[in-house]
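Take a look at the structure set out below.
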Amino acid sequence: MAAQMERGADLDSLYPQHLKLKSVQIVHRHGARTPAREFSLRWMPSDVFSRSCALAPTLHSRLLAQELLSVAREGKAHYDPNIGGTGMKVGNDGVGNGNASGHVSSDPAPAAESSFPFHERPIPIHSFYEERGGSRVGEHGEPFYKSSWAYRHLVHALDRIQHSPGTCDLGQLTDSGKTHLQSIGTLLRERYVAHTGFLPPKLDSTDGLLHVQSSDYARVMESTQYLLAGLYPASLRRAGLNLTIHVRPMETEFIYNPPSTCARLQTLYASFNAQFEKSARPQLSAIERAYPQYIDPDAVIIPRGKEEAERFKTRATHHDLYDANACLMGDGKGTLPGVSKEAVTDMGRVLAGVWYGAFCGSLESTRLSMGRLVNRITNRIEAAAGLKPAVPVDDHHVSVGQRESAAEKVAIWSGHDATIAPLLISLKAWDGNWPEFGSNVIFELLEDTSSVPSLASSATPTPVETRPYSARHSVLNWKPSTNPSPPSTSKSSPTITKSDPPSPPHPAPHYVRILHNLKPLTLSACIARHPTDPSLCELQSFLKDVVGAVRMGDREWEEGCKV
């Protein structure tokens with residue numbers, strides 16, 4: 001399922017002349033993909049995705065063209081049977097070709113067929129930059145791309161390339177996902193270029209303007225390329241302009257946080273997950289009874305322990321059923337027989353409570369999962385507001401000369417559903433639904449040049465979501481300031497409530513607005529808001545009341561992860 005963007009917002013009311021944009025940060029999930037596990041494929045026609053991955057160019061030809069072509073011709077593929085799977089095939093993109101036997105062919109790469117549909121070519125990737133150590137060298141001294149998860153996935157997929165263009169690999173971004181991300185980029189251009197003039201109409205350089213950070217997944221990097229193709233089409237960017245994508249190794253990834261990379265988070269996650277799974281057992285059992293043709297007996301929701309991990313590998317689960325339908329719907333192919341779209345949405349909500357509810361279990365679990373990303377976002381907000389200089393982030397894994405400067409006007413953080421849900425949880429803004437393909441959260445910093453003071457809210461605001469998340473356990477209630485005593489306000493002498501600033505206040509008031517799928521959110525944790533726009537949280541309140549307890553430095557994260 002692809003996320004629907006808010007199109008009805010009145011941009012004039014959101015961006016009046018006295019509000020000046022200072023910084024924009026976009027956190028997004030990748031676009032629609034094919035199923036990531038082979039179980040889903042047995043429920044579908046064999047050719048269901050046979051023409052879903054034809055739009056060129058793919059990440060293969062833009063990121064690692066020469067390396068992959070050399071691998072294909074020399075027959076030296078770094079084959080890893082634990083990556084990717086064997087159930088689907090990747091279409092030819094002009095890089096190389098192989099066969100289904102697991103051996104790379106030495107034949108020249110065939111040219112792309114003329115039947116490839118025309119498509120706007122996204123901004124190419126020139127540099128695939130591994131942050132740690134400030135170099136492109138991986139763990140064992142080889143070039144980083146060879147130790148990259150995305151690279152190894154692509155090489156494994158290359159082993160199975162066939163001449164028929166358009167067929168997909170497991171977990172690959174589909175054409176629908178590409179065009180959807182491009183359409184989101186077009187909406188961002190309407191907002192930040194055409195309407196507000198925050199960004200230049202033509203992209204001549206990314207220096208000082210754009211920082212891009214991605215998880216080490218091909219579908220995520222490609223999604224970023226296509227989002228930028230909508231924001232800056234080829235005709236509106238300098239010829240030959242390339243994109244630098246910053247990528248980190250799995251063990252220090254912060255855009256999403258696999259519990260396995262943090263021992264303490266793994267312990268917390270297992271504990272809270274068991275509680276949430278127990279509370280959701282009636283709904284999970286109902287799903288099993290409704291769809292016995294899809295879910296295997298004794299299916300494991302989330303494996304805990306070696307025995308469950310082995311069962312998880314061999315049985316189709318509730319999530320496999322949800323994911324299969326979400327992928328079909330994301331590609332415009334309806335649902336599996338006997339499953340309605342409404343049932344898929346409800347199923348996703350139940351499973352989201354089990355998968356992501358664990359991050360609501362305590363402040364500690366929320367901080368360990370999202371604290372480092374929130375810290376980086378907040379650092380950039382503070383720098384743009386003039387509260388601190390644009391200095392490198394606190395990250396001792398990266399040499400000083402290569403750290404991100406936090407000076408760019410726009411930052412793009414490209415990730416997964418496991419990025420969006422925990423991030424919204426950390427902001428107390430999650431509605432309990434599974435984040436759909438292309439879901440995004442945008443952080444805007446705005447300066448009020450009219451110097452109108454903010455007013456403290458007189459009551460806890462009603463969340464903008466029509467179905468606020470709830471559960472039987474302690475959810476979204478861990479922060480002490482969740483239900484603050486509201487300050488008194490009077491029409492004659494309004495009380496202005498501000499948090500203690502970390503540094504001398506900026507002369508003009510600054511506000512932070514957060515949008516979910518381009519829809520402004522009213523943050524319940526924010527104490528001081530703009531008097532006429534409740535979606536604008538006064539900067540000091542945002543820093544203290546919304547993210548103050550969540551943000552976490554890298555060193556603190558490492559200490560906190562120790563059991």
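Starting from region 225-265, pick out the trypsin sites (Lys or Arg not before Pro) whose DSSP state is loop and whose Cβ has at most 15 other Cβ atoms within 10 Å. List each step's numbers first, then the result.
On the way: sites: Arg237, Arg238, Arg264; in loops: Arg238.
Those that pass, being in a loop and sparsely packed, are Arg238.
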* Asked: Taking 0.36 nm per intervening residue step and subtracting the Cα-Cα distance, what contour gain separates Glu251 from Lys202 on full extension?
  -> 13.9 nm
* Structure fact -> The percentage of the accessible area of region 263-361 (probe 1.4 Å, all protein chains present) made up of carbon and sulfur atoms, to the nearest whole number, is 54 percent
* What nm distance separates the two modelled labels at Arg281 and Asp298, each placed 7 Å from Cα along Cα→Cβ? -> 1.8 nm
* Structure fact -> Checked against the positive end of the charge dipole of region 263-361 (+1 on Cβ of Lys and Arg, -1 on Cβ of Asp and Glu, about the Cα centre), the farthest of Val300, Ser340, Cys327 is Val300
* Structure fact -> So Arg315 and His195, fully extended at 0.36 nm per residue minus their Cα-Cα distance, gain in nm 38.1 nm
* Structure fact -> Nearest-0.05 FRET efficiency for Lys562 and Asp346 at R0 = 35 Å, using Cβ-Cβ distance, is 0.35
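Provide the net charge surrounding Thr261, with neighbours chosen by a C-beta distance below 13 Å and charges set as Lys +1, Arg +1, Asp -1, Glu -1. The partial results should precede the final answer.
Values: positive: Arg248, Arg264, Arg372, Lys562; negative: Asp216, Glu251, Glu253, Asp554, Glu558.
Overall, the nearby charge balance is -1.
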* Local electrostatic count, Arg551, Cβ distance below 10 Å [Lys/Arg +1, Asp/Glu -1] -> +2
* To do: Between Lys20 and Tyr291, with labels modelled 7 Å along Cα→Cβ, what's the label distance in nm to one decimal, could you check?
  => 5.2 nm
* Structure fact -> Karplus-derived 3J(HN,Hα) from phi for region 518-534 (6.51 cos²θ - 1.76 cosθ + 1.60, θ = phi - 60°), whole Hz, x at Gly and Pro, runs 6, 9, x, 9, 9, 7, 5, 7, 7, 8, 10, 10, 5, x, 10, 9, x
* To do: Within 10 Å, count the other beta carbons around each residue, average over each peptide in 355-367, 302-314, and list them highest first.
  => 355-367, 302-314
* Asked: Which length gain, in nm to one decimal place, applies between Ser450 and Ala270 when the Cα-Cα distance is subtracted from 0.36 nm times their residue separation?
  -> 59.8 nm
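The values are calculated or read from the model by the stated rules, or taken from the named source; none is laboratory data. This is a predicted model, so every value here is computed, not measured. Ideal geometry is used to build each Cβ from the backbone, glycine not excepted, and the neighbour counts take in all protein chains shown. Only protein heavy atoms, including side chains, enter the accessible area calculation; ligands, DNA and RNA are left aside. Shrake-Rupley method; radii C 1.70, N 1.55, O 1.52, S 1.80 Å.
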